[in-house]
Structures are given as structure tokens and as C-alpha cells.
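Working notes, beginning with the structure itself.
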Amino acid sequence: MAKEFFVKTDVTFGKDAIQEISRILTQFGATNVLVVYDKGVKAVGIADKVVDAIDTNQFNVFEFDGVIPNPTNEVVEAGYAIAKENNIDAFVAVGGGSSMDTAKAINVLTSNGGNIMDYEGIGNVPKPVCPLIAIPTTAGTSSEITNVAALVDTKSVRKYVVIDNKIVADKVIADPEFTRTVPAGVTAATGLDAITHAVESYISNEATYLTKYNSLRGLQIFYENLPKVYENGNDMDAREKMMLGCIVVGFGFSNANLGLVHAIAHTLSAHFGLAHGVANACVLPYVTAFNAEKCPKEMIEMAKAINLPLTGEEEKDKFALANELGRMVKEMGIRPLHEQGREHKITEADFDIIATDALKEGPLHFNPRQDVTKETIIEILKKAF
């Protein structure tokens, strides 16, 4: 059966790549540009570097610094108000996945109007959107090249996605130097997010040869380089490879989609404010072990790809990857679930609502095991606790 493999984004990669931004905006025919970022990106000076690189003799530049982790509908509406008031015709997203997702969502509303939840799901954005330049400052989410915007509805307390090929960034400006200031904890969380993307897309029931190629190569890149950057944030060779790996993985999972890890992680983020990468990392080893029963061959292929020691016995080797991921998560300081939670710590009493809501999540449709029940998820949460 024929499968579609969608690749859109043009990438400018390397040191001082930001100097190309005015030329790119000119090619887009832009006049009024909205730069979207969070306060952390501003604090380390990256937002100013981006804004200063835009020729104000050619473009009217406006800024929206209201991005938050796990961006909400309210944040999107606030950004859209600025875009609408100033007739924005091009967007620049600067930061991690939250900045990218926020900019994509504002862009959708700018061209299509309505409420952002009108476009929830796959392929529901009717009109083309304005040009978008994505400038990542982390290596992990791959949002700079994917067709996904993940948002939180605070009223129903759930995380949802807008997935549409129209919302993919038209241009990525990737300068590894912009990741140098990322703290070790954020490096770990975003890197483990990328590894989650690689693993889940490799075993997705929508995976193809092309997606598997990208997912497996991305896994190799992050497995080799994430520990180096975690130990030494100034290892720019490893940071550069991680940024490239992020793009490679993104090509894989934006076409194959994800699975049970993300279904649970979305719920943890919506209810308890966990950063997306942290939420993924908390449950990744245990979901990987659960899925190993369905796809032992793929689990062993991934284990071999990162040179894990194997016994030659499938019943043992299919869990090698899950065990190694568990080791990495602990080694990189990801705290267990009972120590997680922004406003209050997660308790076992919360497992019921987490499991109930996770079962409503779209990524479950792509998980290799479709026998996921409420009890299944509660057992995974107990192991991660």
C-alpha cells in the first residue's frame, strides 16, 4: 500500500545563520512581522539577537513574549490579538516547542479566524497560513519542522493537538550556538523527548521504511550525544549533532505519529503542569517494556542500533532498550512521579483521572498495542511512581 511521506521545511543550519533572516523575510514578501518567544529566551539575550537581525527599514517588527510551558488557549488568543491588530503577515518563532506551537496556533487564527479548538485533530485547517520562520533554542521537540501544535485547554483540563501540513514552518534557522545556554535539566528533558519521539515513531502502527530510517538514525544520534551535552553544555560538536538529530527525528514522527507515552504525558502536563519532555521521560521506560510484548523485533533492532549488549534470546533482549532507557532517565536526574507536580505533587489517588483522560488521547490510535486499558495505564503509573 502506498504511503505519504511529507517533508516541507527548508533549513538554514550553522553558526550565524540568523543573519539570513531579513533575506528570507524579503523572499516571503513580508511587511509586518510578529516574533513569538518566552521570557526565558529574552532573559538570555537570544530574542534580542533575533529582533536585531531583522532590518527595521524593511519590516515592521512586533513582539509577543507571552509563551509559557504547555501553552494554553488563552496564550494563543493573547498573541492572536496582537497579530490581528497589527496586520501581521509573517511569524518568527524563537525558543523550544512551546514557542513553536504557540506561533503555529496564532498563525492558524490569523488566517482562519475562530477559536483554535475549531482546528483540533488532523487536517482541519481550511485556509493557507502566513509564512513562519522557526528558530529553535533547544534540541528535542522537533516542533520547528513538524505539522503539530500541542496546546492545553484549561477549561476541560486536557492537552490536545492541531495537526495539519499547512502549519509546518516554511523555514528553519538552526544555529547550535542558540542552545549553548540551555541548562542541563532542560537539555535532559528535551533530549529524552527526542528519544521518545524516535522510539514511539519507530514502533508506530503507521511506521514505514522512510519513517523508520529517520527514527532509528535520530535515536542513534541522541543516544550518543545527549549524555555528552548533559555533562558538558559547552560541547558544541555534540550540541550541533543533537540539533541535526532533532530535525531527522522530526521527519520520522511527523509522518508516523506517536503512541502511549505521549497519551499519558499529555495528561500529566495538562493536570499537573509537567514540562512535556519530563512527562515523557517519566513513563517512557515502562511503556517501552509494555509495547515490547507486541513488537520484540523492532525493540531488538533499536537495541542493536545503539550497540546494547544482547543475549540472543528474544524473551530477554526485547526488554534491553526499556531497561537502558530506565537507566538514562535516572542518570539524567528525572525525578519519579511522586516527586512531580507544579502546584501539588502527584499521588496515587490521581492515577484514576490520569488513566481515564489518557484513554481519550489521539496518539493511542498509533500505539502498536491496542489492548490499552485503564488498568494498563494505572500499572504503568505505579511503576513510574
For this session: Please go through region 328-377 and pick out each residue that is under 26 Å from G191 (Cα atoms), among the aliphatic types (A, V, I, L, M) and not in a loop (DSSP other than H, G, I, E, B).
Result: M328, V329, L337, I354, A355, A358, L364, I377
Seminar exercise, completed: Across region 255-314, the tally of residues that are polar (S, T, N, Q) and more than 17 Å from V152 (Cβ to Cβ) stands at 6
For this session: Just give me the residues in region 93-126 being free of Cβ contacts under 8 Å to residues at least 40 places away in the same chain and under 13 Å from N165 (Cβ atoms), in sequence order.
Result: P126
For this session: Of all residues in region 232-249, count the ones that are part of a helix (DSSP H, G or I) and in contact (Cβ under 8 Å) with a residue 24 or more places away in the chain.
Result: 11
Problem set entry | Residue list for region 28-60, filter: in contact with a Ser or Thr (Cβ under 7 Å, 6 or more places away or on another chain) and within 23 Å of N70 (Cα to Cα) | V36, Y37, D38, V41, V44, I46
Exercise. Can you tell me which of I122, I195, I133 is hydrophobic (A, V, I, L, M, F, W, C), more than 13 Å from the chain's Cα centre (by Cα) and buried (at least 23 other Cβ atoms within 10 Å of the Cβ)?
Worked result: I133
Seminar exercise, completed: Subset of region 284-308, residues without any contact (Cβ under 8 Å) to a residue 24 or more places away in the chain and more than 26 Å from T190 (Cα to Cα), comes to P296, K297
Exercise. How many of the residues in region 282-318 are surrounded by 20 or more Cβ atoms within 10 Å (Cβ to Cβ) and within 18 Å of N367 (Cβ to Cβ)?
Worked result: 14
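N234 - would you say it is over 30 Å from F28 (Cα atoms), surrounded by fewer than 24 Cβ atoms within 10 Å (Cβ to Cβ), among the polar types (S, T, N, Q) and in contact with a helix residue (DSSP H, G or I) (Cβ under 6 Å, 6 or more places away or on another chain)?
Judged against the criteria, N234 is not a match.
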Problem set entry | From the options H276, H262, residue that is out of contact with any Ser or Thr (no Cβ under 7 Å at 6 or more places or on another chain) and of a type outside the set (K, R) | H262
Seminar exercise, completed: Within region 107-122, the residues that are aliphatic (A, V, I, L, M), in a helix (DSSP H, G or I) and touching a strand residue (DSSP E or B) at 6+ places or on another chain (Cβ under 7 Å) are V108, I116, M117
Exercise. Is it the case that K316 is of a type in the set (K, R), at pLDDT 95 or above and either touching a Lys or Arg at 6+ places or on another chain (Cβ under 9 Å) or outside the structural domain of A189 (by TED's automatic domain parsing) (or both)?
Worked result: no
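Taking D175, is it closer than 21 Å to F366 by Cα, surrounded by 22 or more Cβ atoms within 10 Å (Cβ to Cβ) and touching a residue at least 60 places away in the same chain (Cβ under 8 Å)?
So D175 does not fit the description; no.
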For this session: Among residues belonging to region 285-327 that are basic (K, R) and assigned to a helix (DSSP H, G or I), point out the one that is farthest from T196 (Cα to Cα).
Result: K316
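The values are calculated or read from the model by the stated rules, or taken from the named source; none is laboratory data. Quantities reported herein were computed from a predicted structural model and do not represent experimental measurements. All Cβ positions, even for glycine, are placed from backbone atoms using ideal geometry, and neighbour counts span all protein chains on display.
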